[in-house]
Amino acid sequence: MSRTPWDEERVARAALAAVHDPGGPELDDPPEAGGASQRWAELRSADTALGRRARALDPGRLVSQCEELGARFIMPGDPEWPTKLEAVAGCDRSLHQGLGGVPLGLWARGPLGLAEACDAAVAVVGARAATSYGQDVAIEMAHDLARPGGRRGSQQCWTVVSGGAYGIDVAAHRGALTAGGRTICVQAGGLDELYPRGNGAVLARILEEGLLVSESAPGRRPTRPGFLARNRVIAGLTDGVVIVEAAARSGALSTANWAGDMYREVLAVPGPVTSSRSVGPHDLIRNRRAELVRDADDVREALGPIQPELPREPVPEHPTDALGPETLRVHEALPACGALGVDELSRAALVSLTDCLLALQELEDRGMASYGADGRWSVRLRR
């Protein structure tokens, strides 16, 4: 995947992204297109903690780190920027521990193009301390989603998105890789370190065949708020989120909450009622916040086929479509049988006498009303 040259605007936006905390309140006021350089200059001169952090950052060194890693910085307006991620802007911070906002940009490593890979993407996430049952479900589901087939012979291949963590996340990545499909790992820390190290072999293979993505700049370590903020990116890149296993307070439920707030599909896999790892999915299903799914075919059915929007069928025009609001009210006041005088029509339509007369004249010109010899008006039906 070729990288876009580092012009002044890209360097400034990457520097802003590097000093801001993922999901921080500053993201609610992002720089406009072409305005990152000015925002960066203003921040560096500010006598604030964020301003001091900005003055301590060397943008040139940041660019060098990216080039050494073979990483690229994707920002809004780039062909590789996933526009569906913009839905994060509509999320309520009060529902997500104060976190929110569209990332200023994303660092990426790997051959996949981010926007194209997210055209049809589903997140498969869950508990780190997963059971063998949960890992088996995640591997098989991701494997089947990443390749064509299934009981109904679907040709749709889905990109499997997860967070690279132990348990369900890494199982989902393994399943997609085994199928030769596409997978994206959204990291909570900088892409200079594959985290967690225990999943290094899988993450290294994703780096070769898929895509590693992070909102955090190289050199930044994962934090607890960073993991929660990362979950909004996972949900924002996808069409739906599948929770395979999750304890009552699992971080995976945060991803489900983000998906629900973005009106994305939330799906959950049931498990043994005696398993603490299935409390989260069971609560989502019981409270009707998630649809129950058993396998990849259920997920495909819930998400539906991804296809271009078809042209709308032309809708025949109706004569009343061209009427103004007052004229339309007068027309609707005309009786289907019989006739009414102007005074009666004026009261029925809640318009003045003058406006009623003008509306009746327009309706008569359009052939939609008829003036009788008795001085009363009736509707004229068009043939």
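What to note about this one:
- The number of residues in the stretch 253-272 that are aliphatic (A, V, I, L, M) and open to solvent by less than 10 Å² (accessible area, probe 1.4 Å) comes to 5.
- Filter result for Arg249 (at pLDDT below 95, open to solvent by 10 Å² or more (accessible area, probe 1.4 Å) and farther than 17 Å from Ala142 by Cα): yes
- Qualifying residues in the stretch 91-110 (those that are in contact (Cβ under 8 Å) with a residue 40 or more places away in the chain and more than 16 Å from the chain's Cα centre (by Cα)) - the one surrounded by the most Cβ atoms within 10 Å (Cβ to Cβ): Trp107
- Residues within the stretch 337-383 that are open to solvent by 40 Å² or more (accessible area, probe 1.4 Å) and assigned to a loop (DSSP other than H, G, I, E, B), tallied: 12
- Residue check, Arg128 more than 30 Å from Thr274 (Cβ to Cβ), basic (Lys, Arg) and open to solvent by 10 Å² or more (accessible area, probe 1.4 Å): no
- In the stretch 258-284, the residues that are over 30 Å from Gly90 (Cα atoms) form Cβ pairs under 9 Å with partners that are among the acidic types (Asp, Glu) and modelled with pLDDT of 95 or more, at six or more places apart or across chains, as follows: Gly271/Glu245; Ser275/Glu245; Arg277/Glu245.
- Residues (in a helix (DSSP H, G or I) and in contact with a helix residue (DSSP H, G or I) (Cβ under 8 Å, 6 or more places away or on another chain)) located in the stretch 228-253: Leu228, Asn231, Arg232, Val233, Ile234, Ala235, Gly236, Ala252, Leu253
- Considering (1) under 30 Å from Asp29 (Cβ atoms); (2) crowded, with 24+ Cβ neighbours inside 10 Å, the lone condition that Gly113 does not fulfil carries the number (2).
- Among helices (runs of 4 or more DSSP H) entirely within the stretch 1-90, having at least 2 residues that are open to solvent by 70 Å² or more (accessible area, probe 1.4 Å) singles out 36-44, 49-56, 59-69.
- For Tyr133, the criteria (1) surrounded by fewer than 18 Cβ atoms within 10 Å (Cβ to Cβ); (2) part of a loop (DSSP other than H, G, I, E, B); (3) not polar (S, T, N, Q) hold in every case but one, which is (2).
- Note on the stretch 273-332: residues that are among the acidic types (Asp, Glu), modelled with pLDDT of 80 or more and open to solvent by 100 Å² or more (accessible area, probe 1.4 Å) total 2.
- Any pair with Cβ under 7 angstrom, 6 or more apart, that starts in the stretch 114-126 at a residue that is closer than 12 Å to Val213 by Cβ and in contact (Cβ under 8 Å) with a residue 12 or more places away in the chain and ends at one that is open to solvent by less than 10 Å² (accessible area, probe 1.4 Å) and part of a helix (DSSP H, G or I): none
- Test: Gly51 is closer than 20 Å to His20 by Cβ and more than 15 Å from the chain's Cα centre (by Cα): yes
The values are calculated or read from the model by the stated rules, or taken from the named source; none is laboratory data. Treat the numbers as computed from the prediction; the structure is a model and nothing was measured. Note that each Cβ is placed from the backbone with ideal geometry, even for glycine, and that neighbours are counted across all protein chains shown. All accessible areas refer to the heavy atoms of the entire protein, side chains included, with ligands and DNA or RNA removed. Shrake-Rupley method; radii C 1.70, N 1.55, O 1.52, S 1.80 Å.
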